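The values are calculated or read from the model by the stated rules, or taken from the named source; none is laboratory data. In this text the structure is predicted, and so the values were computed from the model without any measurement. Here the Cβ positions follow ideal geometry from the backbone for every residue, glycine too, while neighbour counts run over all protein chains shown.
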């Protein structure tokens, strides 16, 4: 924010206003938008230099100003400010306090930086890091490590649940050892499928294209997309492992049915969790790849072992 | 881009220029920056409305214009244009053809949209999807599925290698079944550690904060960060599985040493691959979580089984 704006009075004529700008404008961040304030510094309207230039010199500011001003409160958070700039295609916005007194302006070049910073922070959160404004090459080793360790620890310990599921079904794995070989494929594909969905929803929420009320639309869409995607993957995989690798037909069926169900579950969960997070005032960006992967892994293994028990009759 | 700009001649006085703007400005996208062109429409300089207002009416445009113009070629790609706007804090830029003839202007509100669109596309690529400009809720089910299937198929088939590694070491897993239970944790932690690094590097490259010449700095930094992170995770994990879960000491050591080596490898590979991709003109964003995870998984398992053979003497 800068306080270097042009202030006009509503009683001025256009000619007086331009003279005022000529006198004071040299120190101002921008003269492209001017702010009309009263004696108590309350914001009464804005007028663009364009309007001033294109108006007759004898017109009175009060008659040509725009009093339907979109302004920012000093307490607004910067993400919302960026949204307003985007929504209204603005190049500058006034900042006012609770009494609607003008305290400064924000220009669009600040906004470009804010947008990039918000995007960087979202990406960092989505990759399980604490967000940081510092440039990578200028950040120290211990600081970088510090930003990364917490989430890795949380996720590492969460992965214990997945390990426990394997322990619980140890006998299944021991009788059909080949089942183990498909665990990485099932976990990875489930994680990737879920991350695709959560990424789209997180981004849609950040851009304001998706809102909380759209939750059922999202679930319904993800359900249908996941059936198409899951079916394709399952069929390709069946052809590959049954015909090319000569895996037993019941094992092949177990793997492919698990794959299908995992993809459907991953995509629905991946679509749902970012919206759920937002509804309890958490940042949707934490519901990204790492957390979705950990959750989906556990589900994938439970489905896998249940299917194995069912199909191979263990 | 718009062709609705204000064009001035360098022989005009400031007064004539302002009169010209008063006459023609009403149809123009912006009058905040005006463009000085010769009779062949070649761009000779720019002048801001600010400069015009603040200059004496009798000055000649030629003496006050800025002829050191940053302009865009019609063939430039939009990502570079956004970079220029950010670098120079501009609100409008002229677009010229190969003969330096002015063909239009781009204003900063277009750039905000371009930046958001580039960020969305990067995110989509990083989550293994084909980038799309359409809003999620407005995109059809088959189109969404189509954007997601290709990469899922590629990654699913790549995960076969990981499966083959498990098959090759089946006897190791059969003699020490408990080893299987740690596979998800090792794979997930390795994937997450690698994604953190690749995300930071991909973002740094996109913002121009990291360049190809920084490759050794990045490797050296990731090596040190990964040693700190890997050591912390390995120690916490050892305390947990050896003391809390009473896992055999040699198995605990195998798991924790693998964890450490996997984290180091994942972070160095995660830091290196985006730069490597850029050096062969691929988009660094494809070297994100999904691909890094698949690569790291395979390495993690090979390390795991080698360590197991070494420590448990299989």
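Scanning segment B:209-252 for residues that are in contact (Cβ under 8 Å) with a residue 24 or more places away in the chain and within 30 Å of residue B:284 (Cβ to Cβ) yields a total of 17.
Picking from residues in segment B:228-255 that are within 28 Å of the chain's Cα centre (by Cα) and at the interface with chain A (Cβ under 9 Å from one of its Cβ atoms), the one that is farthest from residue A:164 (Cα to Cα) is B:228. Every condition in (1) more than 20 Å from residue B:307 (Cα to Cα); (2) buried (at least 18 other Cβ atoms within 10 Å of the Cβ) holds for residue B:263 except the one numbered (1).
Does segment B:39-58 hold any residues that are closer than 21 Å to residue B:70 by Cα and more than 11 Å from every other protein chain (Cβ to nearest Cβ), and which are they?
Result: B:39, B:40, B:41, B:42, B:43, B:44, B:45, B:46, B:47.
If the condition is being part of a loop (DSSP other than H, G, I, E, B) and without any contact (Cβ under 8 Å) to a residue 12 or more places away in the chain, then segment B:78-113 contributes only B:89. Filter segment B:1-12 down to residues that are assigned to a loop (DSSP other than H, G, I, E, B) and in contact with a helix residue (DSSP H, G or I) (Cβ under 8 Å, 6 or more places away or on another chain) and give me whichever is surrounded by the fewest Cβ atoms within 10 Å (Cβ to Cβ). Result: B:11. Looking only at segment A:263-283, how many residues end up being more than 13 Å from chain B (Cβ to nearest Cβ) and under 19 Å from residue A:226 (Cα atoms)? Matching residues across segment A:263-283 total 5. Applying the set (1) in contact with a helix residue (DSSP H, G or I) (Cβ under 6 Å, 6 or more places away or on another chain); (2) surrounded by fewer than 16 Cβ atoms within 10 Å (Cβ to Cβ) to residue A:97 leaves exactly one unmet item: (1). Residues of segment B:284-314 that are outside any helix (DSSP H, G or I) and either closer than 30 Å to residue B:209 by Cα or within 12 Å of chain A (Cβ to nearest Cβ) (or both): B:287, B:288.
Filter segment B:13-38 down to the residues that are surrounded by fewer than 18 Cβ atoms within 10 Å (Cβ to Cβ), in contact with a helix residue (DSSP H, G or I) (Cβ under 8 Å, 6 or more places away or on another chain) and either within 16 Å of residue B:95 (Cα to Cα) or more than 10 Å from every other protein chain (Cβ to nearest Cβ) (or both) and list them by number. Answer for segment B:13-38, where residues must be surrounded by fewer than 18 Cβ atoms within 10 Å (Cβ to Cβ), in contact with a helix residue (DSSP H, G or I) (Cβ under 8 Å, 6 or more places away or on another chain) and either within 16 Å of residue B:95 (Cα to Cα) or more than 10 Å from every other protein chain (Cβ to nearest Cβ) (or both): just B:13. For the criterion of being assigned to a strand (DSSP E or B) and assigned by TED's automatic domain parsing to the domain that holds residue B:101, residue B:46 passes. Count of segment B:114-136 residues, restricted to those that are touching a helix residue (DSSP H, G or I) at 6+ places or on another chain (Cβ under 6 Å), within 7 Å of another protein chain (Cβ to nearest Cβ) and either part of a loop (DSSP other than H, G, I, E, B) or closer than 26 Å to residue A:217 by Cα (or both), is 7.
Considering only segment A:103-113, I want to know if a residue exists there that is within 10 Å of chain B (Cβ to nearest Cβ) and within 14 Å of the chain's Cα centre (by Cα). Within segment A:103-113 (the criterion being within 10 Å of chain B (Cβ to nearest Cβ) and within 14 Å of the chain's Cα centre (by Cα)), the answer is no, since none of the residues qualifies. What helices (runs of 4 or more DSSP H), lying completely within segment A:148-216, carry at least 2 residues that are closer than 18 Å to residue B:192 by Cβ and within 7 Å of another protein chain (Cβ to nearest Cβ)? Output list reads A:183-206. Here residue B:51 meets the list (1) surrounded by 13 or more Cβ atoms within 10 Å (Cβ to Cβ); (2) in contact with a helix residue (DSSP H, G or I) (Cβ under 7 Å, 6 or more places away or on another chain); (3) assigned to a loop (DSSP other than H, G, I, E, B) almost entirely, failing just condition (3).
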